[in-house]
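Q: Here you go, one structure.
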Amino acid sequence: MKPPKLPVVTALVFLSLAASSAAADLVVNGGFEDPVTSDGPPFVGFWEAFNGGAGSSAANSAVMPRTGLQSLGLSIANTDNTFAGAFQDITGLSSGVDYIFSGWHATPSSPLDLTTEVRIEWRNSGSNTEISRTPNLNPIPTALYSTFDLTATVPVGADTARLVYAIQTFTGGAGNNGTVYVDDVSFAVVPEPSSLILLGAGGLALVAMRRLRA
């Protein structure tokens, strides 16, 4: 059997390096296939749902998942100054590292008369206190699923990220009404530029390999 040609070896090396440096998703139940909870701590390994009472809700929904059988459904029904959402704590982080909190959201409401909020609350697990939080990102979901993403650096003193997606009507319009579905959420280290270069080079090597075989 002939040894693999150089482009084949190169492709395998590059793809192996890229795979080993790829950031793992740290979110548990990112697709909301398992039930969200509303029973208090611990908040690690679970999505904790919350809402402002009558006229607002946060729960699993089978109405329009992006993938799988369920998503997170958040609703406010013609109610002023209320909220609904879910959060999850990710522990074991190191200060100075960049992470990206991302996912998909959509709404059947037209118009959507409320405000979405995506943020990371940085916490210290030892003292159980909040160190700081990112400014709220206010992405606008559409009828078809679209992405949202928030990139931030772990601050000094923090080792935990509390990932929050919420809707609220404190800054909404006259109706203060709507539903938002959230699915396929992730939280991972931002890839270093060298990792992206390796991944691209590995793809080019595979193309070269196929051409040699043709």
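Q: Would you confirm, using the coordinates I've provided, whether PHE83 is in contact with a Leu (Cβ under 7 Å, 6 or more places away or on another chain), closer than 29 Å to ASP159 by Cβ and either surrounded by 13 or more Cβ atoms within 10 Å (Cβ to Cβ) or without any contact (Cβ under 8 Å) to a residue 60 or more places away in the chain (or both)?
A: no
Q: Considering only residues of the stretch 33-46 that are crowded, with 18+ Cβ neighbours inside 10 Å and touching a Phe, Trp or Tyr at 6+ places or on another chain (Cβ under 7 Å), which is farthest from ASN81 (Cα to Cα)?
A: It comes out as PHE43.
Q: Which condition breaks for MET64 when tested against (1) more than 14 Å from ASP184 (Cβ to Cβ); (2) of a type in the set (A, V, I, L, M); (3) part of a loop (DSSP other than H, G, I, E, B)?
A: Answer for MET64: the failing condition is (1).
FYI, it's all coordinate maths here, none of it is from the lab. What you see is a predicted model; the values in this text were computed from it and never measured. Virtual Cβ from ideal backbone geometry, glycine too; neighbours counted across all protein chains shown.
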